[in-house]
Every structure is written in structure tokens, then in C-alpha cells.
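The values are calculated or read from the model by the stated rules, or taken from the named source; none is laboratory data. Please read all numbers here as calculations on a predicted model, not as lab measurements. Glycine also receives a Cβ, built like all others from the backbone with ideal geometry; neighbour counts cover every protein chain displayed.
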Amino acid sequence: MTTRKNGKSKKRGFITYKSYLFRDRDPILEAVLVAQSGSRMTFKQIWEKGGPTVPTLRRWNSGLTRRPQFCTVAAATRSLGKRGIAFNRNGEPYLVD
């Protein structure tokens, strides 16, 4: 908490989004794995195009990873030939061509 000149305090904290809640694992992983199977690229080909490493992709596929880093998901998305990640009105992620 920081104090302003007028003596009032300003609270700082994390912003939580109610529309992007999940229980088991991040839904973006499903979107990336569906795009990967649709592209017929192997994990090694994704890695060679600048995506995450093969063990990382295997952990995503097996369900061991619950919350991937955004930069890793973005690298996988770009190596699959997608432009980015977007969300529909229900808060579900999808990949943009």
C-alpha cells in the first residue's frame, strides 16, 4: 500500500478475471493441441520452427502442465502458423489464423 500526498492510501493488488476460470488445466492448451493435430506437424517440427521444446509439448499433451507461460504458448502458436490467441464471449480461447 502506498500513501499519496493527501494522506489517503491507494490499494494495489492483482486484478482477477471472472471470465477465465478453469479447474484442471488452462483451456488454451487444448486449443494449441487441436491446432497441432490439424496441422499434422510433429512436436519436433514445431520446436524446429521456433516453438517450445519437445518435452514441454509432451507435458502439455499428457496433462502434466496446468498453467503454461504465455510466451511459450505464443511461440507454439506462431510456429503452427497462427497469428495469435483470442477469446470468444464465453471466455474460451481459440487460435486466430
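Here are the numbers for this structure:
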{"quantity": "Set Ala86, Ala35: member being in contact with a strand residue (DSSP E or B) (Cβ under 6 Å, 6 or more places away or on another chain) and modelled with pLDDT of 90 or more", "calculated": "Ala35"}
{"quantity": "All positions within the range 57-75 that are touching a Leu at 6+ places or on another chain (Cβ under 7 Å) and aromatic (Phe, Trp, Tyr)", "calculated": "Trp60"}
{"quantity": "Hits in the range 39-84 - residues which are among the hydroxyl-bearing types (Ser, Thr, Tyr), assigned to a loop (DSSP other than H, G, I, E, B) and within 27 Å of Arg23 (Cα to Cα)", "calculated": "Thr53, Thr65"}
